[in-house]
Amino acid sequence: MRVWGQGLLAGLGVWSSLALAQVPAELLLADEERFISANAEFTLLHEMGHLLIHELQLPVLGREEDAADHLGLMGLFLLHGEHQREDLYLQLIDVADYWSLESSYAKERDQAIQAWDSHAMDDQRFYNIACLIYGSDPQNLDWVLEVTGLPDERSFYCDEEYRQVEHAVTWLTEHFRASSAEQGHRIQVEYGPLPVQLEGGEALLARIQASGLIEQVANRASDSFPLPRPVSLRLVTCGAPDAWYNRLQGELNLCYELIEHFRVLAAELPALRARRLQARGQ
Ligand SMILES: [Zn+2]
């Protein structure tokens, strides 16, 4: 049975071989389904990071929210590296762009993240993620700088930032992964009732279940790490687009409304991408 630690080494090798020097302009156009699934997966992996930090008592240097973003992004590298999906980079840019779109959207709703919040501001999360994407293979990823606008002042050190995160994730997988003789508790997946007012909710639920994404993330974490108690991964109705890990209850909650919110923001993506293509003179 493969575990994250073993997958990391294989995944990083695949990552390098998949690197593209240039991305054709048409690939930078928006793909709504890809945007939604990439961001749902990143959100799940980010919250899984919180789950592992608390359930395994992982040491955390820096803010937990930043660590969860790092774990989420490295989780994407690993899962996609193993499956060798050719659109990995485009999915990663979709994740970065979500934070760019969310920044404008939240300001419109007067719900922008404040300086005192435990989360980095949306724009900072956009640049942090863009930096790690670029830093994973700077020789071949100049186009990431073009499409994200990450300035030289930050990009110069992105390879070091990526290597720090890679080192930390390698270390924790080696120290905390389950041995073959060790059996932890498994993460149980639960689907709660859909929001009553959510148009197309049944079709959304059918797509989520057909993708197998929720079970894949839960099973991978259960196989890889010895969890000391039963925990659950629940799709729930929240009344707002959100996701969180409840450390008291041992519940990872992903709201249906957040997946719907990704669909709403995906509609803004073509305009964002068009502006970038225009800026590139294409
Ligand atoms: Zn978080």
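Before we move on, is LEU213 within 17 Å of the chain's Cα centre (by Cα), in contact (Cβ under 8 Å) with a residue 12 or more places away in the chain and surrounded by 14 or more Cβ atoms within 10 Å (Cβ to Cβ)? Steps first, please.
Values: within 17 Å of the chain's Cα centre (by Cα): yes; in contact (Cβ under 8 Å) with a residue 12 or more places away in the chain: yes; surrounded by 14 or more Cβ atoms within 10 Å (Cβ to Cβ): yes.
Spelling it out, LEU213 is indeed within 17 Å of the chain's Cα centre (by Cα), in contact (Cβ under 8 Å) with a residue 12 or more places away in the chain and surrounded by 14 or more Cβ atoms within 10 Å (Cβ to Cβ).
State yes or no: is ARG186 among the basic types (Lys, Arg), surrounded by fewer than 13 Cβ atoms within 10 Å (Cβ to Cβ) and over 16 Å from the mean Cα position of the chain (by Cα)?
Working: among the basic types (Lys, Arg): yes; surrounded by fewer than 13 Cβ atoms within 10 Å (Cβ to Cβ): no; over 16 Å from the mean Cα position of the chain (by Cα): yes.
For ARG186, the condition - among the basic types (Lys, Arg), surrounded by fewer than 13 Cβ atoms within 10 Å (Cβ to Cβ) and over 16 Å from the mean Cα position of the chain (by Cα) - is not met.
Among the helices (runs of 4 or more DSSP H) contained in the range 146-218, which hold 2 or more residues that are in contact with a Cys (Cβ under 9 Å, 6 or more places away or on another chain)?
On the way: elements: 152-155, 158-176, 201-211.
The qualifying helices (runs of 4 or more DSSP H) are 152-155, 158-176.
Taking LEU56 as the residue in question, decide whether it is away from the ligand (no atom under 16 Å from the Cβ), open to solvent by less than 30 Å² (accessible area, probe 1.4 Å) and under 28 Å from ILE187 (Cβ atoms). Explain how you work it out, then say what you get.
Numbers: away from the ligand (no atom under 16 Å from the Cβ): yes; open to solvent by less than 30 Å² (accessible area, probe 1.4 Å): yes; under 28 Å from ILE187 (Cβ atoms): yes.
Yes, satisfied.
Please enumerate the residues belonging to the range 233-273 that are in a strand (DSSP E or B) and open to solvent by 10 Å² or more (accessible area, probe 1.4 Å). First the steps, then the outcome.
Residues of the range 233-273 in a strand (DSSP E or B): 233-236, 243-246, 251-255.
Matches in the range 233-273: ARG234, VAL236, ALA243, TRP244, TYR245, ASN246, GLU251.
Can you name every residue in the range 183-209 that is in contact with a strand residue (DSSP E or B) (Cβ under 9 Å, 6 or more places away or on another chain) and β-branched (Val, Ile, Thr)?
Residues satisfying the conditions are ILE187, VAL189, ILE208.
Of all residues being of a type outside the set (A, V, I, L, M) and at pLDDT 90 or above in the range 194-206, which is nearest to LEU254 (Cα to Cα)? Just the residue, please.
Taking the range 194-206 first, the residues of a type outside the set (A, V, I, L, M) are 195, 197, 199-202.
This time we only want the ones that are at pLDDT 90 or above, so: 195, 202.
Numbers: PRO195: 13, GLU202: 16 Å.
Ranking the qualifying residues of the range 194-206, first place goes to PRO195.
Which residues, counting only those in the range 189-199, are within 20 Å of VAL264 (Cα to Cα) and either surrounded by 12 or more Cβ atoms within 10 Å (Cβ to Cβ) or within 23 Å of the chain's Cα centre (by Cα) (or both)? So that I can check it myself, show each step before the final result.
Initially, the range 189-199 is screened for residues within 20 Å of VAL264 (Cα to Cα), giving 194-199.
LEU194, PRO195, LEU198, listed by residue number.
If only one of VAL169, VAL144 is in contact with a helix residue (DSSP H, G or I) (Cβ under 7 Å, 6 or more places away or on another chain), buried (at least 19 other Cβ atoms within 10 Å of the Cβ) and under 24 Å from LEU52 (Cα atoms), which one is it?
Values: VAL144 fails: under 24 Å from LEU52 (Cα atoms).
Going through VAL169, VAL144 in turn, the sole match is VAL169.
Give the residues of the range 93-127 that are away from the ligand (no atom under 16 Å from the Cβ), within 18 Å of the chain's Cα centre (by Cα) and either under 15 Å from LEU265 (Cα atoms) or open to solvent by less than 70 Å² (accessible area, probe 1.4 Å) (or both), sorted by residue number.
Listed by number, the residues that qualify are ILE93, ASP94, ALA96, ASP97, SER100, LEU101, SER103, ASP123.
Which of the residues spanning the range 216-232 are open to solvent by 30 Å² or more (accessible area, probe 1.4 Å) and within 16 Å of the ligand (Cβ to nearest atom)?
The answer is none; no residue qualifies.
Report, by residue number, each residue of the range 235-257 that is touching a strand residue (DSSP E or B) at 6+ places or on another chain (Cβ under 9 Å) and under 13 Å from GLU47 (Cα atoms).
If the condition is that a residue be touching a strand residue (DSSP E or B) at 6+ places or on another chain (Cβ under 9 Å) and under 13 Å from GLU47 (Cα atoms), then LEU235, ASP242, ALA243, TRP244, TYR245, ASN246, GLY250, GLU251, LEU252, ASN253, LEU254, CYS255 are the ones that fit.
Is it the case that the range 72-86 has a residue that's within 13 Å of the ligand (Cβ to nearest atom), under 11 Å from the mean Cα position of the chain (by Cα) and either surrounded by 15 or more Cβ atoms within 10 Å (Cβ to Cβ) or at pLDDT 95 or above (or both)?
At the first step, the residues of the range 72-86 found to be within 13 Å of the ligand (Cβ to nearest atom) are 72-73.
Retained after the next criterion (residues that are under 11 Å from the mean Cα position of the chain (by Cα)): 72-73.
Pick out the ones that are also either surrounded by 15 or more Cβ atoms within 10 Å (Cβ to Cβ) or at pLDDT 95 or above (or both) and you get 72-73.
Yes - at least one qualifying residue is present in the range 72-86.
The values are calculated or read from the model by the stated rules, or taken from the named source; none is laboratory data. Since the structure is predicted, the reported quantities are computational estimates derived from the model, not experimental observations. Note that each Cβ is placed from the backbone with ideal geometry, even for glycine, and that neighbours are counted across all protein chains shown. In case anyone asks, the SASA skips ligands and DNA or RNA and just uses the protein heavy atoms, side chains included. Shrake-Rupley method; radii C 1.70, N 1.55, O 1.52, S 1.80 Å.
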